[in-house]
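Peer 1: Pasting a structure below so you can have a look.
The values are calculated or read from the model by the stated rules, or taken from the named source; none is laboratory data. Since we're looking at a predicted model, the values are computed, not measured. Cβ placement follows ideal geometry from the backbone for every residue including glycine, while neighbour counts extend to all protein chains displayed. Surface accessibility is based on the protein's heavy atoms, side chains included, excluding ligands, DNA and RNA. Shrake-Rupley method; radii C 1.70, N 1.55, O 1.52, S 1.80 Å.
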Amino acid sequence: EAGVAQSPRYKIIEKRQSVAFWCNPISGHATLYWYQQILGQGPKLLIQFQNNGVVDDSQLPKDRFSAERLKGVDSTLKIQPAKLEDSAVYLCASSSRTSSQRNEQFFGPGTRLTVL
Amino acid sequence: LAKTTQPISMDSYEGQEVNITCSHNNIATNDYITWYQQFPSQGPRFIIQGYKTKVTNEVASLFIPADRKSSTLSLPRVSLSDTAVYYCLVGDRRILTGGGNKLTFGTGTQLKVEL
């Protein structure tokens, strides 16, 4: 079974530029999550989708971050404009109803963003 | 969500048993205890989950005392490849309205295994 795919793996941009990350969850997983992980910290949930609807985006900085999952499968996370403090690893995860019943989410390898 | 406290770091040697304890004094009745492992440059990976007493799978054991205010992840005979950050999470296992769960990660325990 293929895992969660993310691209790109690395991205370096200058502050005030825009950037987008892509995620393809495990086939059949209805729930998709985006996390931000700053160096030395645990992942922090940014947004959670159920199919193509948003379940929780309470910690998403909506003035600069946006995310969509138009067809209920792939998802993109965008930052516009980027700030220095956005430097982090952006993790995508997915879960099924079965895996959610044991609090199991499947994570991708992440995209490491460096903002200069 | 219940707050968890775990050691920032631990050191061990290959072949030893490692026990990482997590405190969760305000755990709620519906909360389960879940542990994740994260290697450098990878996303976290589910290890084990339990509610009370002892749970064992092919990679670890989880010990939970009767009062459930703490839990201990036990890794038998660690190897260099067990060097990673281990996260203890406490939360309700019920599916949120709209689907999925909300996981809250702390800072984790950095385990370093040496020869």
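Peer 1: Where the centroid of each part is defined by its Cα atoms, how far is the stretch B:46-95 from the stretch A:43-96 in Å?
Peer 2: 28
Peer 1: Would you mind checking the radius of gyration and Dmax of the stretch B:9-114 based on alpha-carbon positions, in Å?
Peer 2: Just the Cα atoms of the stretch B:9-114 yield Rg and Dmax of 13.9, 45 Å.
Peer 1: Under 13 Å Cα-Cα from B:LYS69, which aspartates and glutamates qualify once same-chain neighbours fewer than 8 residues away are excluded?
Peer 2: B:ASP31
Peer 1: How crowded by other chains is B:103-114, given as the mean number of beta carbons from other chains within 10 Å of each beta carbon?
Peer 2: 3
Peer 1: Something else: If you roll a 1.4 angstrom probe over the protein chains with everything in place, what fraction of the accessible area of the stretch B:9-114 belongs to carbon and sulfur, to the nearest %?
Peer 2: 48
Peer 1: Taking every eigenvalue of the Cα gyration tensor of the protein assembly as shown, multiplying by 5 and rooting it, what semi-axes result, largest first, whole Å?
Peer 2: Numbers: eigenvalues 181, 87, 49 Å².
Whole-Å semi-axes of the equivalent ellipsoid: 30, 21, 16.
Peer 1: Express the carbon and sulfur contribution to the solvent-accessible surface of chain A as a percent, rounded to the nearest whole number, probe 1.4 angstrom.
Peer 2: Working: 2800 of 5620 Å².
Within chain A, the accessible surface is 50 percent carbon and sulfur.
Peer 1: Using a 1.4 Å probe on protein heavy atoms, which residues of the stretch A:33-53 have at least 50 Å² less accessible area in the complex than alone?
Peer 2: Residues meeting the cut-off: A:PRO43.
Peer 1: Lys pairs in the stretch A:5-115, Cα-Cα under 17 Å, at least 8 apart or on separate chains: how many?
Peer 2: For the stretch A:5-115, the number of qualifying lysine pairs is 8.
Peer 1: Accessible area per residue of chain A at 1.4 Å probe, in Å²?
Peer 2: 48
Peer 1: What net charge do the residues around B:ALA66 carry, taking every other residue with its C-beta under 12 Å from that of B:ALA66, with Lys and Arg at +1 and Asp and Glu at -1?
Peer 2: Combined, the nearby Lys, Arg, Asp and Glu give +3.
Peer 1: Just the C-alpha atoms of the stretch B:39-85: what Rg/Rh do they give, with Rh taken as the Kirkwood radius?
Peer 2: So for the stretch B:39-85, dividing Rg by the Kirkwood Rh gives 1.01.
Peer 1: Same structure again: Pop out the ³J(HN,Hα) list for the stretch A:23-33 in order, Karplus 6.51 cos²θ - 1.76 cosθ + 1.60 with θ = phi - 60°, rounded to Hz; leave Gly and Pro as x.
Peer 2: These are the phi-based 3J(HN,Hα) values: 9, 10, x, 5, 4, x, 7, 7, 9, 10, 10 Hz.
Peer 1: Buried accessible area for the A:B pair, summed, 1.4 Å probe, in Å² rounded to 100?
Peer 2: 2000
Peer 1: Could you state, as a whole-number percent, how many of the C-alpha pairs of the stretch A:5-115 are farther apart than 23 Å? Show your work: numbers first, answer last.
Peer 2: On the way: 1302 of 6105 pairs.
Summing the P(r) tail past 23 Å for the stretch A:5-115 gives 21 percent.
Peer 1: Provide the per residue accessible area, probe 1.4 Å, for chain B, rounded to a whole number of square angstrom. Walk me through the numbers on the way to the answer.
Peer 2: Numbers: 5840 Å² over 115 residues.
That works out to 51 Å² for each residue.
Peer 1: For chain A, what does the helix formula give at 222 nm: sum of -39500 (n - 2.57) over DSSP H segments with n ≥ 4, over the residue count, nearest 500 deg cm²/dmol?
Peer 2: Calculated mean residue ellipticity at 222 nm is -500 deg cm²/dmol.
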